[in-house]
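J.: Here it is, the structure in full.
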Amino acid sequence: MSESMPASSRFNPFAFEPEAMRRLGYRVVDRIVARLLAAERDPPIPPDPDTAELAVLRQPFPAAPRDPGAVIDAAIGSVFGHTMNLMHPAFFAYMPGPGNFISALADFMASGFNVFAGTAPYNRGAFEVERQTIDWLGGVFGWDFPNSGLFVSGGSAASFIALAIARHVLLKDRIDGAVVYASAQSHSCIERSLFLLGFGPGQLRLLEPDAQLRLDPAALERAIAADRTAGLRPFCVVGNGGTTNTGAVDPLDRLAEICERDGLWLHVDAAYGGGAMLSAGARPLFAGVERAHTIAVDPHKWMFQPFECACVLGREQAWFSDTFRRLPAYMRDTDAAGELFNYRDMGPQVTRSFKAFKLWLSLQVYGLDTFRAAVDHGLALARYAERRVAAMPGWSVVTPATLGVLTCRYEGAGGVSRGDRVNADLAQAVGRSGRAYVTTTELFGRTVLRFCPIHPAATEQDIDGTFDLLQQLAQQADRGERA
Ligand SMILES: *Cc1c(COP(=O)(O)O)cnc(C)c1O
(Lines give C-alpha, C1' and ligand atoms only; values in the text may rest on other atoms or scores of the structure.)
Protein backbone atom coordinates (compact mmCIF):
# COMPACT_ATOMS: atom_id res chain seq x y z
CA MET A 1 0.00 0.00 0.00
CA SER A 2 3.00 2.25 -0.36
CA GLU A 3 2.47 5.56 -2.15
CA SER A 4 5.32 4.83 -4.50
CA MET A 5 4.03 1.50 -5.70
CA PRO A 6 3.57 1.45 -9.45
CA ALA A 7 0.03 1.18 -10.72
CA SER A 8 -0.92 -2.35 -11.60
CA SER A 9 -0.66 -3.21 -15.26
CA ARG A 10 -3.71 -5.42 -14.87
CA PHE A 11 -6.83 -4.19 -16.59
CA ASN A 12 -9.59 -3.29 -14.15
CA PRO A 13 -12.58 -1.54 -15.67
CA PHE A 14 -13.28 0.23 -12.34
CA ALA A 15 -9.73 1.48 -11.78
CA PHE A 16 -8.37 4.97 -12.36
CA GLU A 17 -4.81 6.20 -12.66
CA PRO A 18 -3.42 7.02 -9.17
CA GLU A 19 -3.23 10.72 -10.03
CA ALA A 20 -6.83 10.72 -11.24
CA MET A 21 -7.98 9.04 -8.02
CA ARG A 22 -6.22 11.66 -5.92
CA ARG A 23 -7.64 14.48 -8.00
CA LEU A 24 -11.19 13.12 -7.67
CA GLY A 25 -10.75 12.50 -3.97
CA TYR A 26 -9.44 16.00 -3.30
CA ARG A 27 -12.29 17.42 -5.37
CA VAL A 28 -14.85 15.63 -3.21
CA VAL A 29 -13.10 16.76 -0.02
CA ASP A 30 -13.08 20.34 -1.34
CA ARG A 31 -16.81 20.20 -1.99
CA ILE A 32 -17.54 18.78 1.47
CA VAL A 33 -15.42 21.45 3.14
CA ALA A 34 -17.21 24.10 1.11
CA ARG A 35 -20.57 22.77 2.27
CA LEU A 36 -19.42 22.82 5.90
CA LEU A 37 -18.17 26.40 5.56
CA ALA A 38 -21.47 27.47 3.98
CA ALA A 39 -23.62 25.53 6.44
CA GLU A 40 -24.77 28.55 8.42
CA ARG A 41 -25.47 30.66 5.31
CA ASP A 42 -27.30 28.03 3.29
CA PRO A 43 -30.93 27.66 4.37
CA PRO A 44 -31.74 24.79 6.77
CA ILE A 45 -34.28 23.42 4.34
CA PRO A 46 -33.49 23.58 0.66
CA PRO A 47 -35.36 25.50 -1.99
CA ASP A 48 -37.48 23.32 -4.27
CA PRO A 49 -35.34 22.10 -7.16
CA ASP A 50 -36.41 23.24 -10.59
CA THR A 51 -37.56 20.62 -13.04
CA ALA A 52 -34.41 20.89 -15.18
CA GLU A 53 -32.29 19.91 -12.17
CA LEU A 54 -34.50 16.95 -11.39
CA ALA A 55 -34.40 15.88 -15.04
CA VAL A 56 -30.62 15.58 -14.77
CA LEU A 57 -31.06 13.04 -12.00
CA ARG A 58 -33.63 11.07 -13.95
CA GLN A 59 -31.44 10.72 -17.03
CA PRO A 60 -31.07 7.13 -18.21
CA PHE A 61 -27.77 5.54 -17.22
CA PRO A 62 -25.22 5.71 -20.03
CA ALA A 63 -23.78 2.60 -21.64
CA ALA A 64 -20.33 4.12 -21.94
CA PRO A 65 -18.19 5.77 -19.22
CA ARG A 66 -18.53 9.50 -18.55
CA ASP A 67 -16.15 12.02 -17.11
CA PRO A 68 -16.22 11.32 -13.33
CA GLY A 69 -15.48 14.91 -12.30
CA ALA A 70 -18.39 16.22 -14.33
CA VAL A 71 -20.78 13.59 -12.97
CA ILE A 72 -19.68 14.26 -9.39
CA ASP A 73 -20.04 18.01 -9.78
CA ALA A 74 -23.48 17.66 -11.31
CA ALA A 75 -24.54 15.40 -8.44
CA ILE A 76 -23.21 17.83 -5.85
CA GLY A 77 -25.37 20.54 -7.36
CA SER A 78 -28.57 18.69 -8.03
CA VAL A 79 -28.47 16.10 -5.24
CA PHE A 80 -26.70 17.72 -2.34
CA GLY A 81 -27.96 21.19 -3.20
CA HIS A 82 -31.43 19.84 -2.44
CA THR A 83 -31.05 18.00 0.82
CA MET A 84 -31.86 19.22 4.30
CA ASN A 85 -28.94 21.21 5.65
CA LEU A 86 -28.57 19.41 8.95
CA MET A 87 -25.32 21.23 9.58
CA HIS A 88 -27.18 24.55 9.95
CA PRO A 89 -26.96 25.62 13.62
CA ALA A 90 -30.62 26.73 13.61
CA PHE A 91 -31.90 23.43 12.27
CA PHE A 92 -34.06 22.83 15.35
CA ALA A 93 -36.37 20.18 13.85
CA TYR A 94 -36.62 16.48 14.66
CA MET A 95 -33.39 15.19 16.22
CA PRO A 96 -30.91 17.19 14.22
CA GLY A 97 -27.80 15.22 13.35
CA PRO A 98 -25.10 17.65 12.28
CA GLY A 99 -22.45 14.93 12.00
CA ASN A 100 -18.76 15.76 12.20
CA PHE A 101 -15.86 15.87 9.79
CA ILE A 102 -13.76 13.11 11.34
CA SER A 103 -16.67 10.67 11.21
CA ALA A 104 -17.29 11.61 7.60
CA LEU A 105 -13.68 10.70 6.87
CA ALA A 106 -14.21 7.47 8.80
CA ASP A 107 -17.15 6.55 6.56
CA PHE A 108 -15.01 7.27 3.52
CA MET A 109 -12.23 5.12 4.98
CA ALA A 110 -14.59 2.26 5.81
CA SER A 111 -15.72 2.24 2.19
CA GLY A 112 -12.32 3.00 0.73
CA PHE A 113 -10.67 0.15 2.61
CA ASN A 114 -13.89 -1.80 1.97
CA VAL A 115 -14.16 -3.36 5.39
CA PHE A 116 -16.45 -6.33 5.95
CA ALA A 117 -17.53 -6.13 9.57
CA GLY A 118 -19.36 -9.45 9.78
CA THR A 119 -16.53 -11.73 10.86
CA ALA A 120 -13.70 -11.42 13.35
CA PRO A 121 -11.22 -13.82 11.71
CA TYR A 122 -9.20 -11.88 9.13
CA ASN A 123 -10.92 -8.65 10.26
CA ARG A 124 -9.43 -8.49 13.70
CA GLY A 125 -8.84 -4.74 13.75
CA ALA A 126 -12.44 -3.96 12.82
CA PHE A 127 -13.63 -6.49 15.36
CA GLU A 128 -11.59 -4.86 18.15
CA VAL A 129 -12.84 -1.40 17.22
CA GLU A 130 -16.48 -2.51 17.38
CA ARG A 131 -15.91 -4.41 20.61
CA GLN A 132 -14.08 -1.49 22.21
CA THR A 133 -16.76 0.99 21.18
CA ILE A 134 -19.55 -1.24 22.50
CA ASP A 135 -17.65 -1.69 25.75
CA TRP A 136 -17.50 2.07 26.08
CA LEU A 137 -21.17 2.57 25.19
CA GLY A 138 -22.24 -0.04 27.73
CA GLY A 139 -20.08 1.77 30.29
CA VAL A 140 -21.83 5.03 29.45
CA PHE A 141 -25.07 3.38 30.63
CA GLY A 142 -23.43 2.13 33.80
CA TRP A 143 -22.68 -1.44 32.75
CA ASP A 144 -19.51 -3.30 33.70
CA PHE A 145 -17.07 -4.51 31.07
CA PRO A 146 -17.09 -6.47 28.88
CA ASN A 147 -20.30 -5.35 27.21
CA SER A 148 -22.30 -6.89 24.44
CA GLY A 149 -24.05 -5.25 21.58
CA LEU A 150 -24.12 -4.65 17.89
CA PHE A 151 -23.86 -1.63 15.62
CA VAL A 152 -26.90 -1.27 13.38
CA SER A 153 -28.48 1.26 11.06
CA GLY A 154 -30.68 3.16 13.51
CA GLY A 155 -32.78 3.19 16.63
CA SER A 156 -35.57 1.37 14.82
CA ALA A 157 -33.29 -1.53 13.92
CA ALA A 158 -31.81 -1.52 17.42
CA SER A 159 -35.19 -1.83 19.16
CA PHE A 160 -36.32 -4.42 16.62
CA ILE A 161 -33.32 -6.60 17.49
CA ALA A 162 -33.78 -6.03 21.22
CA LEU A 163 -37.42 -7.13 21.06
CA ALA A 164 -36.50 -10.15 18.92
CA ILE A 165 -34.03 -11.13 21.65
CA ALA A 166 -36.64 -10.62 24.37
CA ARG A 167 -39.09 -12.78 22.43
CA HIS A 168 -36.52 -15.52 21.98
CA VAL A 169 -35.00 -15.50 25.46
CA LEU A 170 -38.12 -15.01 27.56
CA LEU A 171 -40.85 -16.51 25.38
CA LYS A 172 -38.85 -19.15 23.49
CA ASP A 173 -40.52 -17.51 20.47
CA ARG A 174 -44.01 -18.57 21.60
CA ILE A 175 -45.88 -15.30 21.37
CA ASP A 176 -49.53 -16.23 21.89
CA GLY A 177 -50.99 -14.17 24.70
CA ALA A 178 -47.73 -12.33 25.34
CA VAL A 179 -48.08 -8.59 26.06
CA VAL A 180 -45.67 -5.65 25.78
CA TYR A 181 -46.16 -2.36 27.68
CA ALA A 182 -44.99 1.09 26.74
CA SER A 183 -46.06 4.68 27.12
CA ALA A 184 -48.28 6.15 24.42
CA GLN A 185 -45.39 8.59 23.85
CA SER A 186 -43.14 5.78 22.63
CA HIS A 187 -41.60 5.90 19.18
CA SER A 188 -43.56 4.20 16.42
CA CYS A 189 -40.65 1.79 15.86
CA ILE A 190 -41.83 -0.21 18.90
CA GLU A 191 -45.20 -0.88 17.29
CA ARG A 192 -43.55 -1.62 13.95
CA SER A 193 -41.00 -3.98 15.50
CA LEU A 194 -43.72 -5.98 17.22
CA PHE A 195 -45.63 -6.16 13.95
CA LEU A 196 -42.52 -7.53 12.22
CA LEU A 197 -42.04 -10.02 15.05
CA GLY A 198 -45.52 -11.43 14.55
CA PHE A 199 -47.32 -9.82 17.49
CA GLY A 200 -50.89 -8.69 16.90
CA PRO A 201 -51.99 -5.11 17.59
CA GLY A 202 -53.71 -6.27 20.80
CA GLN A 203 -50.38 -7.41 22.23
CA LEU A 204 -49.01 -3.91 22.75
CA ARG A 205 -50.47 -1.78 25.53
CA LEU A 206 -49.74 1.89 24.90
CA LEU A 207 -50.45 3.38 28.31
CA GLU A 208 -51.55 6.96 28.88
CA PRO A 209 -48.54 8.75 30.38
CA ASP A 210 -48.61 11.06 33.41
CA ALA A 211 -48.80 14.87 33.23
CA GLN A 212 -45.07 15.03 32.43
CA LEU A 213 -45.64 12.52 29.62
CA ARG A 214 -43.75 9.73 31.41
CA LEU A 215 -44.92 6.17 31.74
CA ASP A 216 -46.92 5.93 34.95
CA PRO A 217 -45.69 2.96 37.05
CA ALA A 218 -49.05 2.62 38.84
CA ALA A 219 -50.88 2.40 35.50
CA LEU A 220 -48.30 -0.14 34.35
CA GLU A 221 -48.83 -2.29 37.42
CA ARG A 222 -52.60 -2.15 36.97
CA ALA A 223 -52.33 -3.15 33.29
CA ILE A 224 -50.01 -6.05 34.08
CA ALA A 225 -52.32 -7.31 36.84
CA ALA A 226 -55.40 -7.02 34.62
CA ASP A 227 -53.72 -8.91 31.81
CA ARG A 228 -52.58 -11.68 34.17
CA THR A 229 -56.11 -12.00 35.50
CA ALA A 230 -57.33 -12.29 31.91
CA GLY A 231 -54.93 -15.20 31.38
CA LEU A 232 -52.46 -13.24 29.23
CA ARG A 233 -48.67 -13.29 29.57
CA PRO A 234 -47.10 -9.89 30.34
CA PHE A 235 -43.48 -10.19 29.23
CA CYS A 236 -41.82 -6.91 28.30
CA VAL A 237 -41.79 -3.22 29.22
CA VAL A 238 -40.30 -0.60 26.93
CA GLY A 239 -39.07 2.44 28.84
CA ASN A 240 -38.16 5.70 27.15
CA GLY A 241 -34.75 7.23 27.75
CA GLY A 242 -35.95 10.45 26.16
CA THR A 243 -39.13 10.48 24.06
CA THR A 244 -39.01 11.88 20.57
CA ASN A 245 -41.81 14.34 21.24
CA THR A 246 -40.62 15.98 24.44
CA GLY A 247 -37.45 14.30 25.71
CA ALA A 248 -39.39 12.78 28.64
CA VAL A 249 -37.53 10.05 30.50
CA ASP A 250 -39.72 7.32 31.98
CA PRO A 251 -39.08 6.44 35.67
CA LEU A 252 -36.62 3.70 34.73
CA ASP A 253 -35.81 2.69 38.31
CA ARG A 254 -39.48 2.01 39.04
CA LEU A 255 -39.90 0.17 35.74
CA ALA A 256 -36.86 -1.97 36.52
CA GLU A 257 -38.29 -2.77 39.94
CA ILE A 258 -41.59 -3.91 38.43
CA CYS A 259 -39.84 -5.92 35.72
CA GLU A 260 -37.53 -7.64 38.21
CA ARG A 261 -40.38 -8.46 40.54
CA ASP A 262 -42.66 -9.80 37.79
CA GLY A 263 -40.00 -11.43 35.62
CA LEU A 264 -40.49 -9.05 32.70
CA TRP A 265 -37.94 -7.87 30.17
CA LEU A 266 -36.94 -4.21 30.36
CA HIS A 267 -35.93 -2.62 27.08
CA VAL A 268 -34.93 1.04 27.18
CA ASP A 269 -35.29 3.09 24.03
CA ALA A 270 -32.58 5.69 24.46
CA ALA A 271 -32.21 6.23 20.71
CA TYR A 272 -32.27 9.97 21.11
CA GLY A 273 -31.67 10.56 24.80
CA GLY A 274 -28.72 8.19 25.23
CA GLY A 275 -26.37 11.01 24.30
CA ALA A 276 -27.44 12.80 27.48
CA MET A 277 -25.71 10.06 29.48
CA LEU A 278 -22.53 11.99 28.63
CA SER A 279 -23.79 14.90 30.72
CA ALA A 280 -23.23 14.67 34.46
CA GLY A 281 -26.21 16.98 34.93
CA ALA A 282 -28.65 14.89 32.89
CA ARG A 283 -27.51 11.42 33.96
CA PRO A 284 -29.56 11.28 37.21
CA LEU A 285 -32.74 11.36 35.09
CA PHE A 286 -31.73 7.93 33.80
CA ALA A 287 -31.35 6.29 37.22
CA GLY A 288 -32.13 2.61 36.76
CA VAL A 289 -31.16 2.42 33.08
CA GLU A 290 -28.32 0.07 34.09
CA ARG A 291 -30.98 -2.44 35.16
CA ALA A 292 -32.34 -2.73 31.60
CA HIS A 293 -31.91 -6.01 29.72
CA THR A 294 -31.41 -4.22 26.42
CA ILE A 295 -30.85 -0.60 25.40
CA ALA A 296 -31.16 1.10 22.01
CA VAL A 297 -28.99 4.15 21.36
CA ASP A 298 -28.44 6.27 18.23
CA PRO A 299 -25.02 7.89 18.11
CA HIS A 300 -26.28 9.45 14.84
CA LYS A 301 -28.55 11.58 16.98
CA TRP A 302 -26.94 13.04 20.08
CA MET A 303 -23.42 11.75 19.68
CA PHE A 304 -22.97 13.79 16.53
CA GLN A 305 -22.36 10.94 14.07
CA PRO A 306 -23.37 11.01 10.42
CA PHE A 307 -26.11 8.54 9.44
CA GLU A 308 -26.25 5.58 9.96
CA CYS A 309 -24.85 4.80 13.39
CA ALA A 310 -26.84 3.10 16.12
CA CYS A 311 -26.27 0.40 18.68
CA VAL A 312 -28.30 -2.23 20.45
CA LEU A 313 -26.78 -3.17 23.81
CA GLY A 314 -27.66 -6.30 25.75
CA ARG A 315 -26.55 -7.57 29.13
CA GLU A 316 -25.60 -11.07 27.89
CA GLN A 317 -23.58 -11.89 24.82
CA ALA A 318 -25.34 -15.26 24.59
CA TRP A 319 -28.74 -13.62 24.15
CA PHE A 320 -27.63 -12.26 20.80
CA SER A 321 -26.08 -15.44 19.47
CA ASP A 322 -28.83 -17.71 20.87
CA THR A 323 -31.36 -15.61 18.98
CA PHE A 324 -29.57 -15.05 15.71
CA ARG A 325 -26.70 -17.46 15.16
CA ARG A 326 -26.97 -19.87 12.24
CA LEU A 327 -23.95 -21.62 10.80
CA PRO A 328 -24.46 -22.74 7.23
CA ALA A 329 -21.70 -24.80 5.63
CA TYR A 330 -20.62 -21.91 3.43
CA MET A 331 -19.73 -19.82 6.46
CA ARG A 332 -17.95 -22.46 8.54
CA ASP A 333 -14.47 -21.40 7.49
CA THR A 334 -14.76 -18.12 9.31
CA ASP A 335 -16.52 -19.40 12.41
CA ALA A 336 -14.91 -17.77 15.42
CA ALA A 337 -13.67 -19.51 18.52
CA GLY A 338 -12.09 -18.70 21.87
CA GLU A 339 -12.05 -15.04 22.62
CA LEU A 340 -13.37 -14.12 19.19
CA PHE A 341 -16.95 -14.09 18.01
CA ASN A 342 -18.64 -12.92 14.85
CA TYR A 343 -20.97 -9.95 14.74
CA ARG A 344 -22.78 -11.69 11.88
CA ASP A 345 -24.01 -14.18 14.51
CA MET A 346 -25.42 -11.46 16.73
CA GLY A 347 -28.06 -9.90 14.53
CA PRO A 348 -29.97 -10.29 11.29
CA GLN A 349 -27.18 -9.00 9.02
CA VAL A 350 -24.30 -11.05 7.65
CA THR A 351 -22.63 -8.47 5.45
CA ARG A 352 -22.24 -5.37 7.58
CA SER A 353 -20.61 -2.02 6.99
CA PHE A 354 -18.13 -0.80 9.56
CA LYS A 355 -20.42 1.62 11.44
CA ALA A 356 -18.50 1.45 14.71
CA PHE A 357 -15.45 3.03 13.13
CA LYS A 358 -16.83 6.56 12.86
CA LEU A 359 -17.80 6.68 16.51
CA TRP A 360 -14.48 5.15 17.53
CA LEU A 361 -12.41 7.48 15.35
CA SER A 362 -14.25 10.61 16.43
CA LEU A 363 -13.96 9.66 20.12
CA GLN A 364 -10.25 9.02 19.63
CA VAL A 365 -9.70 12.31 17.82
CA TYR A 366 -11.93 14.76 19.70
CA GLY A 367 -11.77 13.12 23.13
CA LEU A 368 -14.61 12.47 25.55
CA ASP A 369 -14.57 15.96 27.05
CA THR A 370 -15.44 17.45 23.67
CA PHE A 371 -18.50 15.23 23.40
CA ARG A 372 -19.53 15.88 26.97
CA ALA A 373 -19.28 19.63 26.53
CA ALA A 374 -21.22 19.48 23.24
CA VAL A 375 -24.10 17.63 24.91
CA ASP A 376 -24.08 20.04 27.86
CA HIS A 377 -24.19 22.92 25.41
CA GLY A 378 -27.39 21.59 23.80
CA LEU A 379 -29.02 21.04 27.19
CA ALA A 380 -28.20 24.60 28.25
CA LEU A 381 -29.44 26.07 25.00
CA ALA A 382 -32.81 24.33 25.30
CA ARG A 383 -33.14 25.77 28.82
CA TYR A 384 -32.27 29.19 27.45
CA ALA A 385 -34.97 28.76 24.79
CA GLU A 386 -37.48 27.87 27.49
CA ARG A 387 -36.73 31.05 29.44
CA ARG A 388 -36.98 33.04 26.23
CA VAL A 389 -40.44 31.64 25.35
CA ALA A 390 -41.70 32.05 28.91
CA ALA A 391 -40.98 35.77 28.63
CA MET A 392 -42.78 36.20 25.30
CA PRO A 393 -46.31 37.63 25.44
CA GLY A 394 -48.90 35.38 23.85
CA TRP A 395 -46.71 32.27 24.07
CA SER A 396 -46.74 29.35 26.44
CA VAL A 397 -44.24 26.65 27.26
CA VAL A 398 -46.08 23.35 26.72
CA THR A 399 -43.32 21.06 28.03
CA PRO A 400 -40.16 22.44 29.65
CA ALA A 401 -36.69 21.88 28.23
CA THR A 402 -35.99 18.22 28.93
CA LEU A 403 -33.02 16.52 27.32
CA GLY A 404 -32.60 19.34 24.83
CA VAL A 405 -36.24 19.35 23.66
CA LEU A 406 -38.63 22.24 24.27
CA THR A 407 -42.23 22.47 23.09
CA CYS A 408 -44.23 25.67 23.04
CA ARG A 409 -47.25 27.23 21.47
CA TYR A 410 -48.53 30.56 20.31
CA GLU A 411 -51.76 31.09 22.20
CA GLY A 412 -52.64 34.49 20.80
CA ALA A 413 -52.42 38.08 22.01
CA GLY A 414 -54.90 40.75 22.97
CA GLY A 415 -57.54 38.36 24.20
CA VAL A 416 -57.71 36.60 20.83
CA SER A 417 -57.06 32.92 21.29
CA ARG A 418 -55.30 31.23 18.39
CA GLY A 419 -55.51 27.60 17.43
CA ASP A 420 -53.53 24.76 15.94
CA ARG A 421 -53.59 26.21 12.46
CA VAL A 422 -51.55 29.28 13.30
CA ASN A 423 -48.89 27.21 15.03
CA ALA A 424 -48.56 24.91 12.03
CA ASP A 425 -48.35 27.97 9.77
CA LEU A 426 -45.68 29.56 11.97
CA ALA A 427 -43.45 26.48 11.70
CA GLN A 428 -43.83 26.51 7.92
CA ALA A 429 -43.08 30.21 7.73
CA VAL A 430 -39.91 29.86 9.81
CA GLY A 431 -38.70 27.17 7.42
CA ARG A 432 -39.48 29.33 4.39
CA SER A 433 -37.52 32.24 5.88
CA GLY A 434 -34.33 30.26 5.28
CA ARG A 435 -33.04 31.30 8.70
CA ALA A 436 -34.14 28.41 10.91
CA TYR A 437 -36.26 25.30 10.84
CA VAL A 438 -38.69 23.96 13.45
CA THR A 439 -41.38 21.34 13.21
CA THR A 440 -44.66 20.73 14.97
CA THR A 441 -46.01 17.81 16.88
CA GLU A 442 -49.17 17.11 18.83
CA LEU A 443 -49.36 17.14 22.63
CA PHE A 444 -52.45 17.05 24.82
CA GLY A 445 -54.50 17.10 21.63
CA ARG A 446 -53.01 20.36 20.37
CA THR A 447 -50.46 21.35 17.76
CA VAL A 448 -47.24 22.64 19.32
CA LEU A 449 -43.89 23.87 18.04
CA ARG A 450 -41.00 21.63 18.92
CA PHE A 451 -37.39 22.83 19.31
CA CYS A 452 -34.33 20.64 19.56
CA PRO A 453 -31.35 23.03 19.66
CA ILE A 454 -28.55 20.50 20.07
CA HIS A 455 -26.21 21.60 17.28
CA PRO A 456 -22.86 22.10 19.01
CA ALA A 457 -22.34 25.41 17.21
CA ALA A 458 -25.82 26.81 17.90
CA THR A 459 -25.85 29.96 20.03
CA GLU A 460 -28.24 32.00 22.13
CA GLN A 461 -28.31 34.44 19.20
CA ASP A 462 -29.69 31.66 16.99
CA ILE A 463 -32.46 31.10 19.54
CA ASP A 464 -33.15 34.83 19.90
CA GLY A 465 -33.25 35.31 16.14
CA THR A 466 -35.69 32.44 15.70
CA PHE A 467 -38.05 33.59 18.44
CA ASP A 468 -37.93 37.21 17.27
CA LEU A 469 -38.91 35.93 13.84
CA LEU A 470 -41.68 33.79 15.32
CA GLN A 471 -43.06 36.71 17.29
CA GLN A 472 -43.00 38.90 14.19
CA LEU A 473 -44.75 36.21 12.13
CA ALA A 474 -47.35 35.68 14.86
CA GLN A 475 -48.15 39.39 14.98
CA GLN A 476 -48.42 39.45 11.19
CA ALA A 477 -50.82 36.52 11.32
CA ASP A 478 -52.89 38.27 14.00
CA ARG A 479 -53.10 41.41 11.87
CA GLY A 480 -54.18 39.27 8.92
CA GLU A 481 -56.85 37.72 11.12
CA ARG A 482 -58.26 41.06 12.20
CA ALA A 483 -58.16 42.57 8.68
C1 LIG B 1 -35.28 8.52 16.48
C2 LIG B 1 -35.85 7.60 17.45
C3 LIG B 1 -36.05 6.25 17.11
C4 LIG B 1 -35.81 5.72 15.73
O5 LIG B 1 -34.45 5.77 15.40
P6 LIG B 1 -33.97 5.73 13.88
O7 LIG B 1 -32.52 5.89 14.01
O8 LIG B 1 -34.65 6.91 13.21
O9 LIG B 1 -34.39 4.44 13.30
C10 LIG B 1 -36.52 5.41 18.09
N11 LIG B 1 -36.81 5.87 19.32
C12 LIG B 1 -36.64 7.16 19.68
C13 LIG B 1 -36.96 7.58 21.07
C14 LIG B 1 -36.16 8.08 18.74
O15 LIG B 1 -36.02 9.37 19.09
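The values are calculated or read from the model by the stated rules, or taken from the named source; none is laboratory data. Every value quoted in this text rests on a predicted model; they were computed, and no experiment measured them. A quick note on method: Cβ atoms are made from the backbone with ideal geometry, for glycine too, and the neighbour counts reach across all protein chains shown. When the accessible area is computed, the model is the full protein with side chains, heavy atoms only, and any ligands, DNA or RNA have been set aside. Shrake-Rupley method; radii C 1.70, N 1.55, O 1.52, S 1.80 Å.
J.: Given a cut-off of under 8 Å on Cα pairs at least six residues apart, what relative contact order in percent is computed for region 214-304?
T.: Relative CO of region 214-304 lands at 28 percent.
J.: Sticking with this structure for a sec: Of all DSSP beta bridges in the chain, what percent run antiparallel (nearest 5)?
T.: Just about 55 percent of them are antiparallel.
J.: Continuing with the same structure: State the percentage of accessible surface on the chain attributable to carbon and sulfur atoms; use a 1.4 Å probe and exclude ligands, DNA and RNA.
T.: Summing carbon and sulfur atoms, their accessible area is 56 percent of the total for the chain.
J.: Under a point-charge model restricted to the Cβ atoms of Lys and Arg (+1) and Asp and Glu (-1), what is the dipole moment magnitude of region 79-181 relative to its Cα centre, in debye to the nearest 20?
T.: Dipole size: approximately 160 debye.
J.: Right, something else. Can you show me the helix-derived [θ] at 222 nm for the chain, built from DSSP H runs with n ≥ 4 at -39,500 (n - 2.57) apiece and divided by the number of residues, rounded to the nearest 500.
T.: Calculated mean residue ellipticity at 222 nm is -13500 deg cm²/dmol.
J.: Is the shape of region 1-152 best called rounded, prolate or oblate, per the rule: a/c under 1.5 gives rounded, else a/b larger than b/c gives prolate, else oblate, with a ≥ b ≥ c the square roots of the Cα gyration tensor eigenvalues?
T.: It comes out oblate by the Cα gyration axes.
J.: A follow-up question, please. Leaving out ligands and nucleic acids, and using a 1.4 Å probe, what accessible area per residue does the chain come to in Å²?
T.: About 48 Å² of surface per residue is accessible.
J.: Among residues other than Tyr366 whose Cβ falls under 14 Å from its Cβ, what is the net charge (Lys/Arg +1, Asp/Glu -1)?
T.: In short, +1.
J.: Then there's this: Restricting things to alpha carbons, find the Rg to Rh ratio for the chain using the Kirkwood radius for Rh.
T.: 1.00
J.: Would you list, by chain and number, the aspartates and glutamates whose Cα falls below 12 Å from the Cα of Lys355, excluding same-chain residues fewer than 8 positions away?
T.: Asp107, Glu130, Asp298, Glu308
J.: If exposed means no more than 12 neighbouring beta carbons inside 10 Å and the site is in a DSSP loop, what's the longest run of the chain without any exposed trypsin sites (Lys or Arg not before Pro)?
T.: Longest stretch, sites excluded: 327-483.
J.: Sticking to Cα atoms, compute the Rg of region 329-437 to one decimal and its Dmax as the biggest Cα-Cα distance, whole number, in Å.
T.: 24.1, 76
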